[in-house]
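Here is the structure we will look at, set down as structure tokens.
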Amino acid sequence: MGPVKVFLDANILFSAAAGGPSFKLLWELSSKGHLRLVTTQRCADEAALNLQVKKPEALGRLPALLAAVERTAVPEALLSWAGDYVVGKDAH
């Protein structure tokens with residue numbers, strides 16, 4: 001059995017860049033091959049924007065964190081489905 005795929009939304013990316021032991025653990029588990037960290041480019045961009053506005057001193061840590069995170073695309077069918085359950089801008 002391979003590593004567990006873990007999707008990281010913008011909030012997790014933001015918080016990991018801001019710091020904290022629980023977020024550091026995600027990256028440690030990934031580096032040991034236990035987790036496969038995945039996000040979308042849109043989540044990465046949203047995290048960067050929120051850091052720039054709310055915690056600019058942490059923005060510089062984001063690129064190193066993202067280097068270990070695989071980008072994935074969101075199928076259009078899933079965006080349509082998610083739009084029925086969350087605010088449109090959060091469907092991604």
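The values are calculated or read from the model by the stated rules, or taken from the named source; none is laboratory data. Everything numeric in this text was worked out from a predicted model, so none of it was measured. Every residue, glycine among them, receives a Cβ derived from its backbone with ideal geometry; neighbour counts consider all protein chains shown. The area values use the complete protein model at the heavy-atom level, side chains included, leaving out ligands, DNA and RNA. Shrake-Rupley method; radii C 1.70, N 1.55, O 1.52, S 1.80 Å.
Among the residues of the stretch 54-74, write down those that are closer than 22 Å to residue 4 by Cα, open to solvent by 80 Å² or more (accessible area, probe 1.4 Å) and not small (Gly, Ala, Ser).
Within the stretch 54-74, just 71 meets the criteria.
Just to be sure I understand the filter: pairs with C-beta atoms under 6 Å, separated by 6 or more residues or on different chains, first member in the stretch 1-23 and closer than 11 Å to residue 65 by Cα, second member open to solvent by 80 Å² or more (accessible area, probe 1.4 Å). Which pairs pass?
Short answer, once both residue conditions are applied: 17/61.
What number of residues within the stretch 1-37 satisfy the criterion of being open to solvent by less than 40 Å² (accessible area, probe 1.4 Å), over 21 Å from residue 49 (Cβ atoms) and assigned to a strand (DSSP E or B)?
2
How many residues does the stretch 75-92 hold that are hydroxyl-bearing (Ser, Thr, Tyr) and either in contact with a Leu (Cβ under 7 Å, 6 or more places away or on another chain) or open to solvent by less than 80 Å² (accessible area, probe 1.4 Å) (or both)?
1
Consider only pairs whose beta carbons are under 8 Å apart and that are at least six residues apart or on different chains; among these, list those whose first residue lies in the stretch 36-48 and is in contact (Cβ under 8 Å) with a residue 24 or more places away in the chain and whose second residue is of a type in the set (Lys, Arg).
Close Cβ pairs (under 8 Å, with a partner that is of a type in the set (Lys, Arg)) amount to 36/5; 38/5; 38/71; 39/71; 40/71; 41/71; 44/71.
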